[in-house]
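Participant: I'd like to ask you about the structure that follows.
The values are calculated or read from the model by the stated rules, or taken from the named source; none is laboratory data. These numbers were taken from a predicted model, which means no experiment stands behind them. For neighbour counting, all protein chains shown are included, and Cβ atoms are generated from backbone atoms with ideal geometry for every residue, glycine included.
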Amino acid sequence: MTSPNRPVRQAGVTLVELVIVLAIIATLAVMAIPPVLDRWERETITLFSERLVSAIHLAQVTAQHRHTWTYFSPQAPMRNPNAQWAVTLSRPHTTTATQQVPLLSISVPAFPAVQVSSNLPEDTLSYAPVGYSRKSDGTLLDGTITITCGRHTRRIRISAVGRARICDPEVDRNNCPAFGSDP
């Protein structure tokens with residue numbers, strides 16, 4: 001018995017169909033890139049600011065428990081965008097590298113690019129042996145560390161008693177000025 005002639009079925013797709021599908025996928029991917037990058041920048045700045053606040057808290061607690069001065073500062077001048085921030089027991093830039101072993105150091109993320117600035121004297125936050133933020137002469141020390149990544153900004157406000165908190169100037173416009181004392 002012979003089988004009747006059946007039409008031959010084509011399997012697969014044509015080149016035109018493939019090009020159309022790839023064009024649609026490419027268009028959707030290009031439209032998705034800006035929101036993905038924006039979210040990545042926001043998450044990077046949030047995580048980095050939380051790491052800095054944790055390090056500041058470590059400096060404060062170390063000063064209280066060890067009854068010694070502690071310092072939180074960049075390991076290089078602020079003009080260096082990749083400077084590591086560190087918690088140390090010796091005044092920054094006054095000792096040799098072997099004497100200044102950091103208790104904790106935090107690297108600034110390289111990508112996406114994060115900029116850090118502060119209004120602290122010599123970019124250094126110092127804690128007296130009782131745990132309050134003080135200058136070397138004993139006067140009160142308060143200030144702000146500003147972290148920027150893309151269009152996102154976070155500020156770490158340090159009060160005169162040494163408490164650090166994160167604020168977002170886009171959300172909390174009234175209580176998150178660039179400079180001044182923390183309420």
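Participant: Could you grab the pairs with beta carbons closer than 6 Å, sequence gap of 6+ or different chains, first residue in the stretch 132-148 and free of Cβ contacts under 8 Å to residues at least 40 places away in the same chain, second one assigned to a strand (DSSP E or B)?
Facilitator: Filtered contacts from the stretch 132-148: 141/133; 141/134; 143/158; 144/155; 144/157; 146/117; 146/155.
Participant: Would you check if residue 51 is at pLDDT below 95 and either closer than 22 Å to residue 114 by Cβ or not in a helix (DSSP H, G or I) (or both)? Step through it out loud before you land on a result.
Facilitator: On the way: at pLDDT below 95: no; either closer than 22 Å to residue 114 by Cβ or not in a helix (DSSP H, G or I) (or both): yes.
Spelling it out, it is not the case that residue 51 is at pLDDT below 95 and either closer than 22 Å to residue 114 by Cβ or not in a helix (DSSP H, G or I) (or both).
Participant: So in the stretch 53-71, with the set limited to residues that are crowded, with 21+ Cβ neighbours inside 10 Å and under 15 Å from residue 157 (Cβ atoms), which one is farthest from the chain's Cα centre (by Cα)?
Facilitator: Applying the filter and picking the extreme gives 60.
Matching residues to (1) surrounded by 19 or more Cβ atoms within 10 Å (Cβ to Cβ); (2) among the β-branched types (Val, Ile, Thr); (3) within 18 Å of the chain's Cα centre (by Cα):
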{"position": "133", "(1), (2), (3)": "yes, no, no"}
{"position": "136", "(1), (2), (3)": "no, no, no"}
{"position": "140", "(1), (2), (3)": "no, no, no"}
{"position": "143", "(1), (2), (3)": "yes, no, yes"}
{"position": "148", "(1), (2), (3)": "no, yes, yes"}
{"position": "159", "(1), (2), (3)": "no, no, no"}
{"position": "162", "(1), (2), (3)": "yes, no, no"}
{"position": "168", "(1), (2), (3)": "no, no, yes"}
{"position": "175", "(1), (2), (3)": "no, no, no"}
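Participant: Kindly provide the set of residues from the stretch 58-78 that are over 21 Å from residue 117 (Cβ atoms), in a helix (DSSP H, G or I) and not polar (S, T, N, Q), ordered by number.
Facilitator: Step one: of the stretch 58-78, the residues over 21 Å from residue 117 (Cβ atoms) are 58, 60-70.
Cutting the leftovers down to in a helix (DSSP H, G or I) gives us 58, 60-66.
Result: 58, 61, 63, 65, 66.
Participant: Okay, next question. Only one of these conditions is not met by residue 166: (1) of a type in the set (A, V, I, L, M); (2) free of Cβ contacts under 8 Å to residues at least 40 places away in the same chain; (3) in contact with a Ser or Thr (Cβ under 9 Å, 6 or more places away or on another chain); (4) more than 21 Å from residue 88 (Cβ to Cβ). Which number is it?
Facilitator: (2)
Participant: So the check is Cβ under 9 Å with 6+ separation or different chains; which pairs have a first residue in the stretch 58-76 that's free of Cβ contacts under 8 Å to residues at least 60 places away in the same chain and a second one that's of a type in the set (Gly, Ala, Ser) and surrounded by fewer than 17 Cβ atoms within 10 Å (Cβ to Cβ)?
Facilitator: What qualifies is 71/90; 75/105.
Participant: Next question, about the same structure. Taking residue 106 and the conditions (1) in contact with a helix residue (DSSP H, G or I) (Cβ under 6 Å, 6 or more places away or on another chain); (2) over 20 Å from residue 76 (Cα atoms); (3) without any contact (Cβ under 8 Å) to a residue 60 or more places away in the chain, which numbered condition does it fall short on, given that it satisfies the others?
Facilitator: Unmet for residue 106, out of (1) in contact with a helix residue (DSSP H, G or I) (Cβ under 6 Å, 6 or more places away or on another chain); (2) over 20 Å from residue 76 (Cα atoms); (3) without any contact (Cβ under 8 Å) to a residue 60 or more places away in the chain: (2).
Participant: Can you say whether residue 120 is under 21 Å from residue 169 (Cα atoms) and either loosely packed, with under 12 Cβ neighbours inside 10 Å or modelled with pLDDT of 95 or more (or both), as far as the supplied structure shows? Give the steps one after another, and end with the answer.
Facilitator: Working: under 21 Å from residue 169 (Cα atoms): yes; either loosely packed, with under 12 Cβ neighbours inside 10 Å or modelled with pLDDT of 95 or more (or both): no.
For residue 120, the condition - under 21 Å from residue 169 (Cα atoms) and either loosely packed, with under 12 Cβ neighbours inside 10 Å or modelled with pLDDT of 95 or more (or both) - is not met.
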